[in-house]
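Q: Here it is, the structure, as structure tokens.
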Amino acid sequence: MGSALWKKEWALHLMIWPGLLIVLIYSYGPMAGIVIAFQQYYPAKGIWDSKWVGLGNFEYLFALPNIWRVVWNTLWISFMKIVAGQIVPIIVALLLNELRLAVFKRTVQTLIYLPYFLSWVILGGIMIDLLSPSQGIVNGALGFVGIKPVFFLANNDWFPFVAVISDVWKEFGFHTIVYLAALTAINPALYEAAVMDGAGRLKQTWHITLPGVLPIVILLATLSLGNVLNAGFDQIFNLYSPIVYESGDIIDTLVYRLGLLDFQFGLATAVGLLKSAVSLVLIAVSYMLAYRFANYRIF
């Protein structure tokens, strides 16, 4: 039976192998480098001849004076991104769902979706120009109403919020489409019954629309917990500077500086390994919560 099934589906199995090989080579193969986290690694000596230090890199890591500030920045920025990344797309999806002019609705969807395809190298330059204290349009508007210019990207009080707002601007168009797709699954008969009972648009939204998309909201919110230690390296790296390390330095940027700028490869690997281990636990917990509250299964 198994042999007959293999002969029947051999082409499908053959299609899997290229992707499987890529995963093995580029995802599992480099995991051998984890051993660097326990060494005083020097590229000239390689893995085999570098000095073994055991947990020395981890002890040094937790002794760094700024490590807990970096962890806090990562958690704070990630948490704000998760919350704002859920609320804004829901509101926009509800507003778009009320539009009756199809051409205008599709145009708005396209415009808000465009930033999702741009890299942070491009968007970082746009944000720098927009927030420039001398020529930026944002400070120009503030100056028009009598407010002094604010250097948003060099202010520790403002930088985390700039990171969150710009991330939401880039990502909310994609998530809005997800919620719009969820709205199409709501039975129109529920709205017709609500109209017959005298419910207005606000009550229909509160009692029908929001409960209808609530499972998707719970699912996306719980799955996003696995990324709570990923505050967005590409974005932060293109926006931050040493002036805002106090509020903008995250785990990924710390790893970058330790490994590529300070050549502390063992310490950088230790940080990355610790982050990966915590992220693995968080991902497992998020999938358990998704199964518990949204009946989501991987297979």
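The values are calculated or read from the model by the stated rules, or taken from the named source; none is laboratory data. From a predicted model like this one, the values you see are computed outputs, not experimental measurements. Please note: Cβ atoms are built from the backbone with ideal geometry, for glycine as well, and neighbour counts cover all protein chains shown.
Q: Do any residues in segment 78-95 that are more than 12 Å from Ser224 (Cβ to Cβ) have Cβ atoms under 8 Å from those of residues that are surrounded by fewer than 19 Cβ atoms within 10 Å (Cβ to Cβ) and hydroxyl-bearing (Ser, Thr, Tyr), where the two are at least six apart or on different chains, and which pairs are they?
A: Here the result reads Leu94/Thr205, each pair linking segment 78-95 to a residue that is surrounded by fewer than 19 Cβ atoms within 10 Å (Cβ to Cβ) and hydroxyl-bearing (Ser, Thr, Tyr).
Q: Trp76 - would you say it is loosely packed, with under 15 Cβ neighbours inside 10 Å, assigned by TED's automatic domain parsing to the domain that holds Pro160 and either among the acidic types (Asp, Glu) or assigned to a helix (DSSP H, G or I) (or both)?
A: So Trp76 does not fit the description; no.
Q: Hey, any hits in segment 233-252 for a residue that's of a type in the set (Val, Ile, Thr) and at pLDDT below 85?
A: The answer is no, given that none of the residues of segment 233-252 is of a type in the set (Val, Ile, Thr) and at pLDDT below 85.
Q: Can you confirm whether Val217 is β-branched (Val, Ile, Thr), out of contact with any helix residue (DSSP H, G or I) (no Cβ under 6 Å at 6 or more places or on another chain) and more than 30 Å from Leu183 (Cα to Cα)?
A: No; evaluated as a whole, the condition is false for this residue.
Q: Can you tell me which residue among Ile91, Ile36 is outside the structural domain of Gly212 (by TED's automatic domain parsing) and either touching a helix residue (DSSP H, G or I) at 6+ places or on another chain (Cβ under 7 Å) or β-branched (Val, Ile, Thr) (or both)?
A: From the options Ile91, Ile36, the qualifying one is Ile36.
Q: Next up: Please state which one of Val138, Val162 is surrounded by 15 or more Cβ atoms within 10 Å (Cβ to Cβ), assigned to a helix (DSSP H, G or I) and in contact with a Phe, Trp or Tyr (Cβ under 6 Å, 6 or more places away or on another chain).
A: Val162
Q: Same structure again: Could you tell me whether any residue of segment 250-258 is without any contact (Cβ under 8 Å) to a residue 12 or more places away in the chain and farther than 17 Å from Leu64 by Cβ?
A: Checking segment 250-258: not a single residue is without any contact (Cβ under 8 Å) to a residue 12 or more places away in the chain and farther than 17 Å from Leu64 by Cβ.
Q: If you don't mind, there's one more thing I want to ask. What number of residues within segment 48-102 satisfy the criterion of being out of contact with any Gly (no Cβ under 7 Å at 6 or more places or on another chain), under 21 Å from Asp167 (Cβ atoms) and of a type in the set (S, T, N, Q)?
A: So the answer is 3.
Q: Determine whether segment 179-201 contains at least one residue that is more than 24 Å from Phe233 (Cα to Cα), at pLDDT below 85 and in contact with a Phe, Trp or Tyr (Cβ under 8 Å, 6 or more places away or on another chain).
A: No, that holds for no residue.
Q: Using the structure shown, decide if Val108 is in the same structural domain as Leu214 (by TED's automatic domain parsing), among the β-branched types (Val, Ile, Thr) and over 20 Å from the mean Cα position of the chain (by Cα).
A: In short, yes.
Q: From the list Ala32, Ala93, which one is in a helix (DSSP H, G or I), surrounded by 15 or more Cβ atoms within 10 Å (Cβ to Cβ) and among the aliphatic types (A, V, I, L, M)?
A: Ala93 is the lone residue from the list that is in a helix (DSSP H, G or I), surrounded by 15 or more Cβ atoms within 10 Å (Cβ to Cβ) and among the aliphatic types (A, V, I, L, M).
Q: Follow-up. Which of the residues that make up segment 259-283 are without any contact (Cβ under 8 Å) to a residue 40 or more places away in the chain and aliphatic (A, V, I, L, M)?
A: Result: Leu260, Leu261, Ala268, Ala277, Leu280, Val281.
Q: Considering segment 96-142 alone, what residues qualify as being in contact (Cβ under 8 Å) with a residue 24 or more places away in the chain and acidic (Asp, Glu)?
A: Within segment 96-142, Glu98 is the sole residue that qualifies.
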